[in-house]
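What follows is one structure encoded as structure tokens, with my remarks underneath.
The values are calculated or read from the model by the stated rules, or taken from the named source; none is laboratory data. This is a predicted model, so every value here is computed, not measured. Reconstructed Cβ throughout: ideal geometry from the backbone, glycine too, with neighbour counts over all protein chains shown. For the accessible areas, the whole protein counts, side chains as well, though only heavy atoms, and no ligand, DNA or RNA atoms are used. Shrake-Rupley method; radii C 1.70, N 1.55, O 1.52, S 1.80 Å.
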Amino acid sequence: MYGAVWLLLSYFHIHPHNTAKMGEVLLGITGKDFTIIAASKAAMRGASILKTNDDKTKTLNKHTLMALVGEAGDTIQFAEYVQANIQLYSKRNASELSPSETSSFIRTELAKSLRSRNPYTVNLLLGGFDAETQKPQLFWIDYLASCAPLPYAAHGYAQYYCLSILDKHHHPEISFEQGMKILRMCTDELKRRLPIDFKGVLVKVVTKDGIRTEEYDNDNIVYAP
């Protein structure tokens, strides 16, 4: 019986130990000259909320930001490991890795971990701005070491409720204001349909000038039709 359930979950790329973390939300949106990363502020264990102001992001360098969800110990350890190695590279070589190069490093480390006795159970979004090409970048990476560059992405239950909205309204040349409007549509839909209080989202933006935290109203009331 368990074997059949495992095969079903594997077919849909869902790990049995990873389903408890589906209630956490990660959203990424790129535009003309920016990348928006939004992460839910609730730290959860099962149905319990342990923390209401959790920051699931890590700054890797001036133009690269990573957001993670997964098992609590794995996310902290893997995030600190990646952050330390990216910063060490910058100090040794007096140059910073681009978001694309950083995603290759992360994917390689997850692939090594997957083939070990203690794999990391983490899903992440890597957002950034390439200083050479002057273009925003966003990478979707999961615990199976799958990595894909995308114009928008989501992890957790957000992918079930928000990808259709992003499909309809996103295009590569959107302005920052349009990007924030689409993000508002996504979070309103999550509030309307998701039976879990994810405590709003923490929003960070990556541009050519670096990374900043964007003010976001999480207290707006959304009425279901």
**Study point:** Per-residue ³J(HN,Hα) for the stretch 76-82, Karplus 6.51 cos²θ - 1.76 cosθ + 1.60, θ = phi - 60°, Hz, x for Gly and Pro
**Key:** 5, 5, 5, 4, 5, 5, 5
Review point. Over what distance in Å are the Cα centres of the stretch 119-143 and the stretch 62-91 separated?
Key: 11 Å
Check your understanding: Say each of Asp188 and Leu88 gets a label point 7 Å from the Cα, pointing the same way as Cα to Cβ; how far apart are those two points in nm?
Key -> 4.7 nm
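Could you work out what % of the accessible surface of the chain is carbon and sulfur, using a 1.4 angstrom probe and leaving DNA, RNA and ligands out of the count?
Numbers: 6220 of 11880 Å².
Taking all protein chains in place, the chain shows 52 percent carbon and sulfur surface.
If you take every DSSP beta bridge fully contained in the chain, what fraction is antiparallel? Give it as a percent rounded to 5.
Details: 44 of 44 bridges.
Within the chain, antiparallel bridges account for around 100 percent of the total.
Exceeding 28 Å between C-alpha atoms, which entries from my cross-link table qualify? They are Lys51/Lys112; Lys32/Lys58; Lys168/Lys199; Lys135/Lys204.
Numbers: Lys51/Lys112 31 Å; Lys32/Lys58 23 Å; Lys168/Lys199 26 Å; Lys135/Lys204 17 Å.
Long pairs (Cα-Cα over 28 Å): Lys51/Lys112.
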**Study point:** Gaussian network model of the chain, springs between alpha carbon atoms under 10 Å - residue of Met66, Met44, Met185 with greatest fluctuation
**Key:** Met185
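Which whole-number value in Å² is the accessible area per residue of the chain, probe 1.4 Å?
Working: 11880 Å² over 225 residues.
That works out to 53 Å² per residue.
What length, rounded to one decimal in nm, is gained on full extension from Asp217 through to Thr108, with 0.36 nm per residue of separation minus their alpha-carbon distance? Don't skip to the end; give the middle numbers.
On the way: separation 109, 0.36 × 109 = 39.24 nm, distance 3.71 nm.
Using 0.36 nm per residue and subtracting the Cα-Cα distance, I get 35.5 nm.
Please report the net charge: other residues with Cβ closer than 13 Å to the Cβ of Met66, K and R +1, D and E -1.
On the way: positive: Lys56, Lys58, Arg107, Lys204; negative: Asp55, Glu80, Glu109.
Surrounding charge for Met66 is +1.
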Review point. By how many nm would the segment from Asp197 to Lys181 grow when fully extended, if each residue of separation counts as 0.36 nm and the alpha-carbon distance is taken off?
Key: 3.6 nm
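Placing unit charges on C-beta atoms (Lys and Arg positive, Asp and Glu negative, everything else neutral), compute the dipole magnitude of the stretch 15-103 about its Cα centre in debye, rounded to 20.
Working: 10 positive and 9 negative charges, 27 e Å.
The dipole magnitude comes to about 120 debye.
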Point to revise | Helix-only mean residue ellipticity at 222 nm for the chain, each DSSP H run of n ≥ 4 adding -39500 (n - 2.57), per residue, nearest 500 | key: -11500 deg cm²/dmol
Practice item. Using the 4.7 Å Cβ rule, please list in number order the cysteines from the chain without any candidate partner. Key: Cys147
